1. Tell me which strands (runs of 3 or more DSSP E) are completely within the stretch A:47-145 and hold 1 or more residues being away from chain B (no Cβ under 12 Å) and at pLDDT 90 or above, or say none if there are none.
2. Taking the stretch A:64-79 only, how many residues are surrounded by 16 or more Cβ atoms within 10 Å (Cβ to Cβ) and either in contact with a Cys (Cβ under 9 Å, 6 or more places away or on another chain) or in contact (Cβ under 8 Å) with a residue 24 or more places away in the chain (or both)?
3. Checking B:Lys330 against (1) at positive phi; (2) assigned to a strand (DSSP E or B), only one condition comes out false. Which one?
4. Scanning the stretch B:335-373 for residues that are among the small types (Gly, Ala, Ser) and assigned to a strand (DSSP E or B), which turns out farthest from B:Val309 (Cα to Cα)?
5. Return the only residue of A:Leu209, A:Leu246, A:Leu234, A:Leu185 being assigned to a helix (DSSP H, G or I) and touching an Asp or Glu at 6+ places or on another chain (Cβ under 6 Å).
6. Checking the structure you have, find out if any residue of the stretch B:63-77 is in contact with a helix residue (DSSP H, G or I) (Cβ under 7 Å, 6 or more places away or on another chain), surrounded by fewer than 20 Cβ atoms within 10 Å (Cβ to Cβ) and of a type in the set (A, V, I, L, M, F, W, C).
7. Which one is farthest from B:Leu204 (Cα to Cα) among residues in the stretch B:88-102 that are of a type in the set (A, V, I, L, M, F, W, C) and at pLDDT 95 or above?
Amino acid sequence: MFEIKNLKASLADEDKQILKGMTLRIGAGEVHAIMGPNGSGKSTMSYVASGKNGYVVDEGEVLLDGANLLDMEPDERAAAGLFLAFQYPVEIPGVGNMTFLRTAVNSQRKMRGEEELNAAQFLKIVREKAKSLKIDADMLKRPVNVGFSGGEKKRNEILQMAMLEPKMCILDETDSGLDVDAMKLVAEGVNALRNGERSFLVITHYQRLLDHIKPDVVHIMADGKIIKSGGPELALEVENNGYADLLNEVA
Amino acid sequence: MGEAKFDNPTEALLARHSAPRKGSDWAEASRHAARERTLGMGAAGRRDEYWRYTNPTTLNAFEAPDVEILQLEEVPVFDGVEKLLITFVDGVYAPDQSDDLSGEGLEISMLEDALSADIHWAADVFGVFETNGQSPVNRPFAALNTALAGQGVVIRATGKVSKPVALRYCREKTTSDAVIHHVIRVESGADLSILENGAGASRLNTVMEVDVADGGSFHHLRAQGRDHARLATTAIFARLGAESHFKSFTLTVNGVLTRNEVVLDIIGDDTKASVAGACLGDGDFSHDDTIFITHDAVNCESRQVFKKVLKNGATGVFQGKILVKPDAQKTDGYQISQGLLLDDDSNFLAKPELEIYADDVACSHGSTCGAVDENSLFYLMSRGVPRAQAQNMMIIAFLDEAIQEIESEELAEDIRSRLLGWTERHKG
């Protein structure tokens, strides 16, 4: 179970609060979506939850199975089961994708007191999972995200997710910059990972992605908090009418 | 003992080393000229343009420093490689720790023996390349080396040499001054690899003069030992003929002061040269790469790739020059020097210089200095990699462009494993 409780957070460099009391609760195996106008704090929420520098938590908690993630370093949050698929995956020249993946997987296993995977075991699993995401061997050998197309970068995020087997996945505008086919492929990758234990929070601007990744609950976020929650029909309403009506409702 | 009894510090420099065994006339003439050269240019000083960033005081001091001998449990660099091993202990050839001096396509002798011969091909190289390399920039420690060196190897490669010649520099005394001078000729079509490994002395001065004939290939790979307080000045002077290949890579971890100079003269067309280095310094560490590449032929390519990782007040210096003479058309020169500073106390000082007289050339150069990228660090950590390990991955990644300059993938992997070792020992 993933819970955000009355989360208030500001930018570290300027005295500006972005999250103003956000509350959210996602049960095991559920898929929730967050939509909202630009600047409503969706990405900030994902960064604060995963521990990026540059934000100050003023109040609140982010709990994963009862443990407060905000007390942990980013790597500890990952080992606890949190995964953030980046809107803009970072290019890291010189670090091989495969080395990176294996280091990440084994670091997490080590932190959790599990046995590390040897090279052969790892290779077998990664090849299998890469294949289903149409990631070829060449992409695995290249430096992390360097020279990857937008679609390749996002597929690489999903591959990492598949390898790390997190309990809670936040997808930050995973559909941005993707054509229809690439989006389908990414959605298929995500759907393949859905099960009764794993939860998802899908941040998106467009209903389109939610045709492929069907959410249980849709939240509308504005000005740093959730202003309305409902079923998948809420996303359709946004698609048809925009946010104006919803914002007026709560104003 | 002190410096007071000498009229000037340069005489003190010449007096601090014992005289080498007397050689034949040409050798003694060359040494004598080097002595005069040394006196003429004087000792290196902070006011010299090329010593502004590196303080030569300890290099000039009469006494060599007292440096604890590092006992290592790890496998020495290049240990797994099949090679012809030549060992120097405190700067002196140790035949009992060396292989038989013969190999396919190779003629090897000790410097003292070569310099004793009345007629020897080395007469055209010994002190000659060094002298040529003294203009326009003085290199006083190299001149001093020619004047006083008795130790070193003289190698002539006449064909494809099946295994590299490995020069291992060991230490037994805590205080030692070693002056080693190698003379190398790679004949047309021959291919020679030289490996150098070890600190060699508490104060080491090496010179390597390399003559690569048309179509020859020369690969040089060096690891300068890990003894912390040691001092080293090295200089490579190479002349490259047409369609020849030259590659030199140096790994430096630790060492309180290192000055590595490389002077290349590209005189034949269609030649490719690469000079690269990776250094990692923590604390009392000053590392200086001073490179001078002259293009005096058509359609040649040269690369300078230097990467320095610095922490806890360590200093890295890069002075790299490309000189393209008027007729050296179609020159392709590349130069990159980068410092990765792991804290606010460390320094990276770079002076890239391009002097181009030909009009149809492509020369690119860049120099950057910065900290580990926070975005990348966060990305790695968000996948579960702990901060220290993530930073180490970034360090290795940063250095890799230099490592990629190494020709042999096997040797490159050996060097990479050393980098990993350093980052593990110097975590946090």
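The values are calculated or read from the model by the stated rules, or taken from the named source; none is laboratory data. What you see is a predicted model; the values in this text were computed from it and never measured. In this analysis, Cβ positions are derived from the backbone assuming ideal geometry, glycine residues included, and neighbour counts consider all displayed protein chains.
1. Numbers: elements: A:55-64, A:82-85, A:92-96.
Strands (runs of 3 or more DSSP E) meeting the threshold: A:55-64.
2. Total satisfying the criteria: 7.
3. That leaves (2) as the condition not met.
4. Kept after step one, since they are among the small types (Gly, Ala, Ser), are these residues of the stretch B:335-373: B:337, B:339, B:346, B:350, B:358, B:362, B:364, B:366-367, B:370-371.
This time we only want the ones that are assigned to a strand (DSSP E or B), so: B:337, B:339, B:350, B:362, B:364, B:366-367, B:370.
Working: B:Ser337: 11, B:Gly339: 6, B:Ala350: 14, B:Ala362: 29, B:Ser364: 23, B:Gly366: 17, B:Ser367: 14, B:Gly370: 10 Å.
The selected residue is B:Ala362.
5. Values: A:Leu246 fails: touching an Asp or Glu at 6+ places or on another chain (Cβ under 6 Å); A:Leu234 fails: touching an Asp or Glu at 6+ places or on another chain (Cβ under 6 Å); A:Leu185 fails: touching an Asp or Glu at 6+ places or on another chain (Cβ under 6 Å).
Exactly one residue qualifies, and that residue is A:Leu209.
6. Checked the stretch B:63-77: no residue is in contact with a helix residue (DSSP H, G or I) (Cβ under 7 Å, 6 or more places away or on another chain), surrounded by fewer than 20 Cβ atoms within 10 Å (Cβ to Cβ) and of a type in the set (A, V, I, L, M, F, W, C).
7. If we filter the stretch B:88-102 for residues that are of a type in the set (A, V, I, L, M, F, W, C), which is where we start, we get B:88-89, B:92, B:94, B:101.
Of the ones still in play, those that are also at pLDDT 95 or above are B:88-89, B:92, B:94.
Working: B:Phe88: 12, B:Val89: 12, B:Val92: 12, B:Ala94: 17 Å.
Going through the qualifying residues, I end up with B:Ala94.
The rows are residues; the columns are (1) of a type in the set (A, V, I, L, M); (2) more than 8 Å from chain A (Cβ to nearest Cβ); (3) in contact (Cβ under 8 Å) with a residue 60 or more places away in the chain.
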| position | (1), (2), (3) |
| --- | --- |
| B:Leu349 | yes, yes, yes |
| B:Pro352 | no, yes, no |
| B:Glu355 | no, yes, no |
| B:Ile395 | yes, yes, yes |
| B:Asp400 | no, no, no |
| B:Ile403 | yes, yes, yes |
| B:Ile415 | yes, yes, yes |
| B:Gly421 | no, yes, yes |
| B:Arg425 | no, yes, no |
